[in-house]
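Notes for the one structure printed next.
Where a number appears in this text, it was derived from the coordinates with a stated rule and is not lab data. Values in this document were obtained by computation on a predicted structure and should not be read as measured data. So basically every Cβ, Gly included, is an ideal-geometry build from the backbone, and we count neighbours across all protein chains shown.
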Amino acid sequence: MRYIGSKTASLGILERTVMRHAAPTWNQFCDPFAGVCTVARHFKKLGFRTVTGDLLYQSFVFQRAMLEHNSQPRFPGLRCVWRTDTSVPPHEAVLRYLNGLSGTDSYLTHNYSLAGKMRRKFFTERNARRIDKIRIQIAEWASACLVSEREEAYLIASLLNAADAVANTAGTYYAYLKVFYRKAKQPVQLLPLPIHGNGKRNSAHLADAVSLTKRTATDVLYLDPPYNERDYGAYYHLTETIARWDCPEPNGKSGIPMEGRPKSSFCSSGTAESEFKRLLSAPEAKLILVHYSVHGLVPHSTVMECLTALGPTSFHTWQVRKYSTSRGEKGSSGHRLYVCKPH
């Protein structure tokens, strides 16, 4: 799934930094700003037990699906589905069944396609109807206890990836494109999620970063807080709605829910600095990494003040490709990685 702030381009730097400072016996990695789990999945593959969290439910779904599973789910409650298709493993048969469902006019069709009164163009009518049908089926299976919570998360995460791949947007859901582009016209298609087993009990949490950090003792604490006032709950309101399936009342041209979504205190210029200080008040970690923007809401001096109070701290700055919703727009953004070894 396309996601602002995904750290795919920084994985090499993060891995080298951790390996340079970690002891051979260290085996736990905590990421309380997990997003779509790009960093946590990487360190899970390296053998670390992962503990993750986030405020958004869609992130929690990806955490449960891709971190708590150590192998592809077998869906024992859906034997009636996969036993009719023995040519592929159970998880593929279940996804194939969902891909074969016909559409239905429901929440997404009525509110986020041309079939609705507001004629929003987030999805083609055909894809909106199919996403509606698939999401309703997943909800029915969960209500009937035919899938576990982790299996439900796996299916929802696969649907989020599939829906995002055909969404008529430039990467977020704050606006849709005026004309349906090529990928948006393709049929929505659920695919298996990449699951890497590490033989450990990885845990996912729907929680704010401060509370998760305070109650988690870990070897490596990776902190990647939002650095500007971009509200993820608004920018990804539609995928959050698909994940929660709470069908809120949409508002305005973009259909952002009227009651809003959880917003991090790190996204406000009035609270970011104080929240950062709370986050680093008393963490239990042997190594702390803070990944932040050079131009973030929390000034460099504050970050250094908080970290040096805990132990020796260094930092490294580099440039990454800047996120943009405009095609063809290029630019770079300064990233800074702080490395602290608490006393």
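Can you tell me the length gained on complete extension of the stretch ALA217 to SER106, counting 0.36 nm per residue apart and subtracting the Cα distance?
That works out to 35.5 nm of additional length.
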Size of the range 220-269 as Cα extents on the principal axes (Å, biggest first): 39, 24, 14
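So what is the 222 nm mean residue ellipticity for the chain from helices alone, if each DSSP H run of at least 4 adds -39500 (n - 2.57) and you divide by all residues, rounding to the nearest 500 deg cm²/dmol?
Numbers: 13 runs with 117 residues, N = 343.
Here the helix-only value at 222 nm equals -9500 deg cm²/dmol.
Stokes-Einstein D for the range 217-343 at 4 °C, 1.567 mPa s, Kirkwood Rh over Cα pairs, in µm²/s? Write out the running numbers ahead of the final one.
On the way: Rh = 16.6 Å.
The diffusion coefficient I find is 78 µm²/s.
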Size descriptor, Kirkwood hydrodynamic radius, that averages inverse alpha-carbon separations across the range 11-74, Å: 12.3
Peptides 10-19, 62-71 ordered by average Cβ neighbours within 10 Å, highest first: 62-71, 10-19
Principal axes of the chain: Cα extent on each, largest first, Å: 59, 43, 34
Cα-projected label distance for GLU305 with HIS21, points at 7 Å along beta-carbon direction, nm: 2.1
Zero-based 5 Å bins, Cα pair distances in the range 41-176, whole percents: 2, 10, 16, 19, 19, 15, 11, 6, 2, 0, 0
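Just to confirm a number: summing +1 for Lys and Arg and -1 for Asp and Glu over residues other than ASP246 whose beta-carbon lies under 12 angstrom from that of ASP246, what do you get? Let's see the in-between values first.
Numbers: positive: ARG135, ARG244, ARG261; negative: GLU240, GLU249, GLU259.
Cβ neighbours under 12 Å give a net charge of 0.
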At 0.890 mPa s and 25 °C, Stokes diffusion of the range 138-223 via Kirkwood alpha-carbon radius, µm² per second: 149
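Among 269-281, 22-34, how do they line up by average Cβ neighbours within 10 Å per residue, starting with the highest?
22-34, 269-281
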Dimensions in Å of the range 165-271 - Rg and Dmax from alpha carbons: 17.5, 50
Spacing of the two label points (7 Å from each Cα toward its C-beta) at PHE315 and ASN99, in nm: 4.7
Greater than 22 Å apart at Cα, pairs in LYS45/LYS341; LYS7/LYS45; LYS277/LYS341: LYS45/LYS341
In order through the range 333-342: 3J(HN,Hα) via Karplus (6.51 cos²θ - 1.76 cosθ + 1.60), integer Hz, x for Gly, Pro: 9, x, 10, 9, 10, 8, 10, 10, 10, x
Share, in percent, of DSSP beta bridges within the chain that are antiparallel, nearest 5: 50
Cα centroid separation - the range 206-233 against the range 1-63, whole Å: 12
